Amino acid sequence: MTAPLFQPITLDGMAFPNRIAVAPMCQYSADDGSATDWHVQQWMSYAMSGAGMVTVEMTDVERRGRISHGCLGLYSDHNEAAAKRALDAARRVAQPGVKFGTQLAHAGRKASCQRPWEGGGPLRPDQDPWQTVSASAIPYDEGWHTPHALEDEEVAQVIQHFADAARRAERAGFDFIELHAAHGYLIFQFLSPLSNRRTDRWGGSLENRMRFAVEIARAVRKAAPKLMLGARLSVKEWVDGGFDVDEAVAVAKALKAEGVAYICCSSGGNSPQQKLPSGPGYQVHLAEAIRKGADIPTRAVGLISDPLEADAIVAEGRADMVALARAFLADPRWGWRAAAALGEPIHAAPQLQRAVTTMQHWMRA
């Protein structure tokens, strides 16, 4: 019998060969939003990793929405052409059935920052910073840029940027789009009562705070109807008075009504005061809560690296898929590793077939 982790799944009519997903991981290696040779090799690696679902890194819908100068984007013709080049290369070596998606996002008040290996803090005056934006004029932390609170017409412009980027994603050849409503970036800044102090139709009640996310989902679905649509959501903020599971269930239901086919369940990222636990599978209970509460397929994510643990998450019905990030950076063949551990066949390209017995030997050792 096929292990649960390797059973196929269909989301909104799109078939995936297994339940393993590569989670989006920023590489901070783009050129004004355009994918470079680094992305070509990275996406090709993901294509041969054994994962059935590949979500490339956070991809910003406008230049000021980037976390850093090195962040990926889909806001220009050059961005679109570069993404297509990298994606075409990945598809040429991909295992059968692999689907590729891009995670559309806007960093909001967490934009205009250094790359992690440069310090990761707000850009200094001599580092070409830019004005950040958010739901309210509240900086992420002491010493961070104070964002401009978006006016009503500016909110509409950002929603349009998401729609425009979705069209570019479709033309570039992606199979699906994932909306980034997690980790304290702009969509989540509207969702959280800690970062959204507005008194207009975009703030206050949960219905108003989720309006931005809902209208983005609606606009993206209309702009790229052929692409499957998912979302990543910070289900819990881990701060007293912050966004929590009950509100996340309501948001997931609203997104489902707009055609969102799955929720990737993460948490935190909107406040340095968060008290976030850490350890293998520390967010799986959040995926389970959204799956049951909103009756929508979920993807569990967060320090999952053991194949047996990943298989158990799916087998126990806690989530429909499992997404891994650092594990794939550490081991680009993690999907092979999982197959060997669970006694499943490894579907390697002919050029790599001689390595299959080595992986199987490693997992038996």
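Observations on the structure shown:
- Every residue from the stretch 90-134 that is in a loop (DSSP other than H, G, I, E, B), closer than 16 Å to Met44 by Cβ and either open to solvent by less than 50 Å² (accessible area, probe 1.4 Å) or touching a His at 6+ places or on another chain (Cβ under 7 Å) (or both): Ala94, Gln95, Val98
- Where helices (runs of 4 or more DSSP H) fall entirely within the stretch 316-365, those with at least 3 residues that are within 28 Å of the chain's Cα centre (by Cα) and aliphatic (A, V, I, L, M) are at 326-330, 334-341.
- Filter pass, Thr102 being within 14 Å of the chain's Cα centre (by Cα) and among the polar types (S, T, N, Q): yes
- Members of the stretch 15-45 found to be surrounded by fewer than 16 Cβ atoms within 10 Å (Cβ to Cβ) and closer than 13 Å to Val98 by Cα, listed by number: Ala15
- In this entry, Trp38 passes the filter for residues that are more than 27 Å from Leu308 (Cα to Cα), part of a helix (DSSP H, G or I) and modelled with pLDDT of 95 or more.
- Hey, Glu142 surrounded by fewer than 24 Cβ atoms within 10 Å (Cβ to Cβ) and assigned to a helix (DSSP H, G or I) or not: no
- The listed residues are Ala261, Ala287, and the only one of them that is open to solvent by less than 50 Å² (accessible area, probe 1.4 Å), farther than 18 Å from Phe188 by Cβ and modelled with pLDDT of 95 or more turns out to be Ala261.
- Count of the stretch 160-192 residues, restricted to those that are surrounded by fewer than 18 Cβ atoms within 10 Å (Cβ to Cβ) and not charged (D, E, K, R), is 2.
- Matching option when the condition is open to solvent by 60 Å² or more (accessible area, probe 1.4 Å) and either closer than 22 Å to Asn208 by Cα or touching a helix residue (DSSP H, G or I) at 6+ places or on another chain (Cβ under 9 Å) (or both), among Leu255, Leu308: Leu308
- Pair list, Cβ under 6 Å, 6 or more apart: the stretch 63-79 residue over 19 Å from Arg171 (Cβ atoms), other residue of a type in the set (Asp, Glu): Arg66/Asp60; Cys71/Asp60
- The stretch 311-341, residues that are under 23 Å from Pro297 (Cβ atoms) and open to solvent by 40 Å² or more (accessible area, probe 1.4 Å): Ala315, Glu316, Arg318
The values are calculated or read from the model by the stated rules, or taken from the named source; none is laboratory data. For clarity, every value in this text was computed on a predicted model and none was experimentally measured. All Cβ positions, glycine included, derive from the backbone under ideal geometry; neighbour counts span all protein chains shown. Side chains included, ligands, DNA and RNA excluded: accessible areas come from the protein's heavy atoms. Shrake-Rupley method; radii C 1.70, N 1.55, O 1.52, S 1.80 Å.
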